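Peer 1: The following block contains the structure, expressed as structure tokens.
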Amino acid sequence: MTVKAIAIVLGLAFLVAASAVSAPAKAQKKGSTDDAPEGRKSSALRISVRPDGPVSPGQTVEVTVDGPRKGPVNALLVFPLGGMDVKELPFTARITIPEEAVGSFGIIVTMAGESDTSLFGPGSVSSEKTLSVKISAALQQLEVLPTELRFMKPGDYGELYVYGHYADGVRRRVESSSAGTTYTSSDPRIVSVVAENGRVRAEGFGTALVTVENSGITVRIPVEVRPEAPNRQK
């Protein structure tokens, strides 16, 4: 796989997972360095962004990468929906925040070690910068998929995918807590919310509701746990 292909794949993963894909017991933030190629986090490898502070969809920011090694390097700058080769430090580029962005926007740089040209090698180092994305347009509607959850047994997991329809006409994924979405179970003995990005787990047989809320708008998702129910999401 080429470096450009790796950048695109990782960039898409950051946008979708925005904190979106979590282990059952722990949610991860979108843009976390846990999503970066194998290596170690480095405080010496730095990312700075101008202007500093919250950003808006469609805004262009200047990103600078710097570190203790000046001159030629083998590094990769990754962000939602894209990436760039970094061949020399310091490195500066302009990035436009996608219109679909909301909540947090992760920028990650990974650099190969001096004696290892691989970005995935044990000598690689990485650093991250997370920007807060503020939406001026009002949220008008929440769309939650699937519209109901059915499980065969306690211990099964399911995912809720939440989309916000905004007054600016853009549909954005908002299941992350950084986008302001919360989840509440009507009966934690039947179903529990195990991650802040909409991951739920069947706890016992019966029926319950998971309430999804953002900006005062709520959607209730029926949940059924029973042996004869098909283990699928509609």
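The values are calculated or read from the model by the stated rules, or taken from the named source; none is laboratory data. Since this is a predicted model, take the numbers as computed values, not measurements. We place every Cβ from the backbone using ideal geometry, glycine too, and count neighbours over all the protein chains shown.
Peer 1: Out of all the residues in the range 188-225, which are more than 30 Å from Gln140 (Cβ to Cβ) and either among the acidic types (Asp, Glu) or at pLDDT below 95 (or both)?
Peer 2: Selection gives Glu203 alone.
Peer 1: Then there is this: Quick one: Thr184 ticks every box in (1) β-branched (Val, Ile, Thr); (2) in a loop (DSSP other than H, G, I, E, B); (3) without any contact (Cβ under 8 Å) to a residue 40 or more places away in the chain bar one, so which box is it?
Peer 2: For Thr184, the failing item is (2).
Peer 1: Further question: Which of (1) acidic (Asp, Glu); (2) assigned by TED's automatic domain parsing to the domain that holds Val210; (3) under 23 Å from the mean Cα position of the chain (by Cα) is the odd one out, the single condition Glu99 does not satisfy?
Peer 2: Failed condition: (2).
Peer 1: Exactly one condition in (1) assigned to a strand (DSSP E or B); (2) surrounded by fewer than 20 Cβ atoms within 10 Å (Cβ to Cβ); (3) touching a Pro at 6+ places or on another chain (Cβ under 6 Å) is false for Phe120; which is it?
Peer 2: (1)
Peer 1: (1) under 14 Å from Lys129 (Cβ atoms); (2) without any contact (Cβ under 8 Å) to a residue 24 or more places away in the chain: which one isn't true of Lys87, the others all being true?
Peer 2: Answer for Lys87: the failing condition is (1).
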